[in-house]
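A short reminder: the numbers here are calculations on the coordinates, not readings from a lab. If you're wondering where the values come from, they're calculated on a predicted model, not measured in any experiment. Backbone-built Cβ (ideal geometry, glycine too); neighbour counts: all protein chains shown.
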Amino acid sequence: PKKSERPKFLDNIPWKAGDPAPYEALAATLSEIEQESGRLKCIEYLSNLLRLVMERSPNDTLPTLYLSMNQLAPASEGLELGVGESLLFKALAQATGRSVNQIKAEAKSKGDLGVVAEASRNTQKTMFQPKRLTIQSVYSGLRQIAEMTGNSSMNKKIDKIRFLLASAKDSEAKFVIRALTGKLRIGLAEQSVLQALASACDSENSQLAADIVKTTYAQCPSFDKIIPNLIKYGVDNLLDHCPLEPGMPLKPMLAHPTKGIDEVLKRFDAKIGFTCEHKYDGERAQIHLLEDGTVKIYSRNQEDNTIKYPDIVSRIKELTKVKTAIIDSEAVAWDTNLKRILPFQMLSTRKKKVDNVGDIKVQVCVYAFDMLYVDGESLVTKPLKERRDRLRQSFEIKEGEMVLATGEDAHDADTVAVLLDKAIKDSCEGLMLKALDDTYEIAKRSHSWLKLKKDYLDSAGGDTLDLIVVGAYDGTGKRTGRFGGFLLACYDSENEEYQTICKLGTGFSDEQLDKFTEILKPLIIETPKAYYNHKMSPDHWLEGQIVWEVKAADLSISPAHTAAAGLVHEEKGVSLRFPRFVRVRDDKKPEDATSAEQVAGMYKSQEQVQALNRNEDNSE
Ligand code: ATP
């Protein structure tokens with residue numbers, strides 16, 4: 001790492017080379033970032049801290065990075081913070097000698113438990129100078145808390161939290177508490193952290209370094225692996241030391257929505273052609289075959305889903321001729337008697353953990369559509385045509401267990417229309433259209449893949465939206481006694497906030513409303529979270545944990561909502577007109593909900609389509 005000017009706000013923190021990195025330095029950096037609205041400045045603050053850590057306490061680089069992203073481990077380990085509010089109230093009360101009710105009341109008025117923790121610490125008189133918190137000690141403390149399970153864990157967690165708070169000074173308490181809630185609320189998105197890490201290593205050519213770090217993270221999303229290699233080999237050689245390999249889930253390639261067949265033809269080169277595959281309505285499954293014979297299955301978000309699909313694990317071994325591989329596929333619910341696809345709703349009833357293959361009620365068939373790695377060779381830079389051939393050669397096909405996604409290559413609109421019809425008849429959502437000559441773009445929402453859903457005609461911007469449920473309205477009339485409507489939000493990663501986009505009350509059956517009322521009631525919170533950006537207030541605010549897929553007729557500019565505010569209109573947001581509930585998205589976390597940028601994109605594409613229609617009308 002290159003030497004740099006020491007940031008001013010770190011000046012008074014004692015920290016010699018060889019010392020463990022003080023947590024105070026991280027808390028001071030996070031405080032500066034919190035007050036700063038410019039993204040580049042925030043990246044600079046974090047990169048300055050990372051540079052100092054790498055210079056003085058290199059072994060603390062990994063925990064510093066994790067804490068600045070509010071993570072404890074790679075997503076595939078499934079280790080998460082997110083301690084419940086009531087437990088935090090108790091811990092804070094005990095640590096500060098105040099009553100739970102006092103803490104609760106203050107949390108309500110301040111809207112942020114972290115701020116309450118900070119204020120409470122300042123009024124505490126301490127007899128002994130407590131030992132300073134280090135980045136390593138906070139990281140291990142949080143990790144221990146996340147790993148505690150079982151009946152007696154509640155008190156153990158409180159003890160540990162009290163222990164951390166006892167040594168916390170000033171803003172340290174705020175960030176410890178915020179880390180525990182699972183939300184840091186400083187507005188540092190993953191890409192910004194990666195950029196900061198890159199400039200901490202090579203400030204002269206930070207753009208090149210950022211490209212390397214981001215590409216490496218996309219194919220190997222594990223800081224456990226990246227940081228030691230970065231420290232040992234430097235940023236220039238990082239990619240070679242963190243290759244794509246089975247056992248390491250990579251971020252999948254995603255598709256762009258399209259509004260119609262015309263758009264598809266505009267985007268693709270008709271001469272080279274593209275393939276039109278069925279778009280199956282199941283769950284993405286990235287299947288990894290490891291050298292030692294292990295099979296792993298990862299979700300769209302790199303979570304380990306292997307225990308959900310032991311049936312796929314055992315069949316893969318029978319059907320494959322290769323030793324190592326990474327296959328991209330969709331696991332789809334399958335009716336073994338009638339030999340046909342079942343709707344996604346069936347798959348969503350399948351247990352998350354299957355102990356015994358014999359107990360499985362919902363069978364699945366794997367529809368493989370891509371191959372990213374085979375027998376020691378990465379295929380991501382090869383054209384789709386070649387990857388598809390390799391996939392075909394590597395597996396034996398077995399109906400109802402593992403097959404290739406149905407598809408045909410096309411050059412013209414008529415063929416696409418016929419194939420779309422066929423896909424819908426075959427119980428699919430529509431088509432995935434893919435340029436045959438293009439590479440696999442890890443982690444990208446690429447224009448080489450387009451999705452054409454059957455309801456593209458009546459759906460805004462060509463796609464449904466996945467939205468966070470942040471509020472609920474009491475039902476009236478027939479719906480009295482249960483929730484009758486909901487307030488939904490999209491996710492703005494730039495500001496790390498939830499922005500409201502619509503009120504939703506249509507598309508539910510009575511049974512669904514009963515069920516959702518039951519599921520959502522425990523999530524009621526007294527005040528909206530500080531990261532809820534809203535202008536309207538529902539009857540009940542909810543802890544934003546649940547994501548629903550929603551279809552809308554239209555997107556419009558709205559003074560009542562905050563979604564994508566500043567992106568299409570200076571102050572006003574975007575809202576959905578005539579939104580309708582489609583389904584629950586268990587596989588998405590709030591951070592995976594439709595982003596503010598996507599909302600803006602949908603609004604703009606709808607505007608373009610409308611302008612096109614107007615022009616066509618005029619010309620007639
Ligand atoms: P996105 O992944 O684009 O954010 P999403 O998770 O809501 O959105 P869709 O918009 O429905 O998913 O479309 C993409 C998903 O479709 C893929 O992630 C994959 O799970 C699924 N899929 C089904 N069939 C195919 C196929 N033939 N090729 C690629 N993906 C497919």
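Details
- Proximal charge balance of Arg315 [Cβ under 15 Å; K/R count +1, D/E count -1]: 0
- Amide H contacts under 5 Å for Leu555, placed H, 5+ residues apart: Arg577
- Hz values of 3J(HN,Hα) by residue in the range 235-247 - Karplus curve (6.51, -1.76, 1.60), Gly and Pro given as x: 5, 4, 9, 4, 4, 5, 8, 10, x, 5, 8, x, x
- Rounded to whole numbers, the Karplus 3J(HN,Hα) couplings from phi for the range 97-106 are x, 10, 8, 4, 5, 4, 4, 4, 4, 5 Hz, using 6.51 cos²θ - 1.76 cosθ + 1.60 with θ = phi - 60°, and x at Gly and Pro.
- Three-way shape call for the range 360-491 based on the alpha-carbon gyration tensor, with the a/c threshold at 1.5: prolate
- Dipole of the chain [Lys/Arg +1, Asp/Glu -1 at C-beta], most positive-end residue of Cys276, Phe344, Gly471: Gly471
- Across the range 167-178, rounded Karplus estimates of 3J(HN,Hα) from the backbone phi angles (6.51 cos²θ - 1.76 cosθ + 1.60, θ = phi - 60°) give 9, 7, 10, 6, 6, 4, 4, 4, 6, 5, 5, 5 Hz, Gly and Pro being marked x.
- The Cβ shell under 10 Å around Glu408 holds other residues with a net charge of -1, Lys and Arg each +1, Asp and Glu each -1.
- For the range 427-536, the square roots of the Cα gyration tensor eigenvalues, ordered a ≥ b ≥ c, give a/c of at least 1.5 with a/b no greater than b/c, which places it in the oblate category.
- At an R0 of 41 angstrom, the distance between the Cβ atoms of Arg577 and Thr349 translates into a FRET efficiency of 0.80.
- Formal net charge of residues neighbouring Ile158 (Cβ-Cβ distance under 15 Å; K, R +1; D, E -1): +4
- Given charges at beta-carbon only (K, R positive; D, E negative), |dipole| of the chain in Debye: 1940
- Only Lys, Arg (+1) and Asp, Glu (-1) charged, at Cβ; the range 439-572 dipole about Cα centre in debye: 300
- Cα centroids of the range 467-527 and the range 375-452: 36 Å apart.
- Estimated dipole of the range 84-200 in Debye, rounded to 20 [Cβ of Lys and Arg +1, of Asp and Glu -1, Cα centre]: 320
- Applying 0.36 nm per residue to the separation of Thr215 and Ala553 and subtracting their alpha-carbon distance, the gain on full extension is 118.0 nm.
- The range 92-233: translational diffusion in µm²/s, Stokes-Einstein, Kirkwood Rh over Cα pairs, 37 °C, 0.692 mPa s: 187
- Positive-end extreme of charge dipole, the chain - chosen from Pro228, Phe516, Gly150 (charges on Cβ): Gly150
- The range 285-300 and the range 304-329 have Cα centres lying 6 Å from one another.
- Calculated [θ] (222 nm, deg cm²/dmol) that DSSP helices of n ≥ 4 give over the chain, each run adding -39,500 (n - 2.57): -11500 deg cm²/dmol
- With an a/c value of 1.5 or above and a/b larger than b/c for the gyration tensor axes a ≥ b ≥ c computed over the alpha-carbon atoms, the chain is described as prolate.
- Think of the chain as a dipole: +1 on every Lys or Arg Cβ, -1 on every Asp or Glu Cβ, centred on the Cα centre; then among Gly376, Ala560, Leu52, Leu52 lies furthest on the positive end.
- For the chain, the list of Cys residues with no other Cys C-beta under 4.7 Å reads Cys42, Cys201, Cys276, Cys365, Cys428, Cys490, Cys502.
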